[in-house]
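Chemist: Have a look at this one.
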Amino acid sequence: MPTANHSGTSHTVFHLLGIPCLEDQHMWISIPFFISYVTALPGNSLLIFIILTKRSLHEPMYLFLCMLAGADIVLSTCTIPQALAIFWFHAGHISLDRCITQLFIIHSTFISELGILLVMAFDRYIAICYPLRYTTVLTNTLIKKICMTVSLRSYDEGRREEENLNNATIKGDFPSMEPEDGQHLWYCGSGKDNVCSSQQAEEVHGFMEAAFCEANEDEQAVSKQSNDTGNKEGDGNPHMLIL
């Protein structure tokens, strides 16, 4: 049987470039990232510690909040240190295995956060609309099933993104911007939907400018029409309001 011949290039090392078209502003951009990370890490850790140590807080609402804080710590720790290394030291080199692992953690944790927020909304709905049935609806068994469902769903999403990146790497399906220096990406998983080329950036900027101009023209037309209507009404008989 004839075998398929793949002409793609397999990359093992990537170079993350950071935020597109703003490389000279990386130092200033890193300040809010650093402040948010330094604030979120001890804050979420303290929240988890308090909830786990106080038995009076072992209720569904606080347990879900504890899970959300843990997911936030994992997500921020997986992304912010790498971003700060790029912003401060231009240390953008990353191996393929590390890039795939980071992509898996980011997507799985993001999906788990969405699931936890949905469960927290359901918890508050039961507590407000059916307060007398709250303890009978949200039992420990149901909470365990919800946690297992969220974990499996987030793991499945992470594996799917990991397989997509693996397939793109095997096929060499990446937009190589500087082939002689290796493969350059703006972030892990950017793939061929890279939007940092100058042409695409100009197209996006032009589209946004046209949209804002059109919205401004519509607003001016509505304002002019309302003024004309007010003038016409003012030309008629005046109405007096007696209190």
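Please treat every number below as a calculation from the coordinates, not as lab data. Given the structure is predicted, the values throughout are model-derived calculations rather than measurements. For neighbour counting, all protein chains shown are included, and Cβ atoms are generated from backbone atoms with ideal geometry for every residue, glycine included.
Chemist: State the answer as a single residue: which of MET27, THR101, LEU16 lies farthest towards the positive end of the charge dipole of region 13-190, with beta carbon charges of +1 for Lys and Arg and -1 for Asp and Glu, about the Cα centre.
Modeler: THR101
Chemist: Fully extended, how many nm does the chain gain between PHE122 and PHE49 (0.36 nm per residue separation, minus their Cα-Cα distance)?
Modeler: Length gained, PHE122 through PHE49: 23.8 nm.
Chemist: Please work out how much length the chain gains when fully extended from MET148 to ALA91, using 0.36 nm per residue of separation minus the C-alpha to C-alpha distance, in nm with one decimal.
Modeler: 16.8 nm
Chemist: First measure r as the distance between the Cβ atoms of THR77 and ARG159, then evaluate 1/(1 + (r/R0)^6) with R0 = 25 Å and state the FRET efficiency to the nearest 0.05.
Modeler: Approximately 0.75, to the nearest 0.05.
Chemist: Also: What's the exposure ranking of ASP123, ASP156, going from fewest to most Cβ atoms within 10 Å?
Modeler: The most exposed by this proxy come first: ASP156, ASP123.
Chemist: Assuming a viscosity of 1.567 mPa s and a temperature of 4 °C, what translational diffusion coefficient in µm² per second does Stokes-Einstein assign to region 14-83, Rh being the Kirkwood radius over Cα pairs?
Modeler: Here the translational diffusion coefficient equals 93 µm²/s.
Chemist: Here is a follow-up. Give me the percent relative contact order of region 13-190, please, defined on Cα pairs under 8 angstrom at least 6 residues apart.
Modeler: Once normalised by length, the contact order is 35 percent.
Chemist: Compute the FRET efficiency between LEU114 and GLN25 as 1/(1 + (r/R0)^6), taking r as their Cβ-Cβ distance and R0 = 30 Å, and round to the nearest 0.05.
Modeler: Calculated value: 0.45.
Chemist: Taking 0.36 nm per intervening residue step and subtracting the Cα-Cα distance, what contour gain separates LEU57 from ILE35 on full extension?
Modeler: The span from LEU57 to ILE35 would gain 5.0 nm if fully extended.
Chemist: Return the whole-Å distance between the Cα centroid of region 19-78 and the Cα centroid of region 116-140.
Modeler: Between the Cα centre of region 19-78 and that of region 116-140, the gap is 25 Å.
Chemist: If a/c stays under 1.5 just call it rounded; otherwise compare a/b with b/c (prolate if a/b is bigger, oblate if not). Do that for region 13-190, with a ≥ b ≥ c from the square roots of the Cα gyration tensor eigenvalues.
Modeler: Cα axes put region 13-190 in the prolate bin.
Chemist: Students often check this: by mean Cβ neighbours within 10 Å, which of 102-114, 54-66, 132-144 ranks highest, and how do the rest follow?
Modeler: 102-114, 54-66, 132-144
Chemist: Using a Förster distance of 25 angstrom, determine the FRET efficiency expected from the C-beta separation of CYS129 and LEU84, and round it to 0.05.
Modeler: That gives a FRET efficiency of 0.05.
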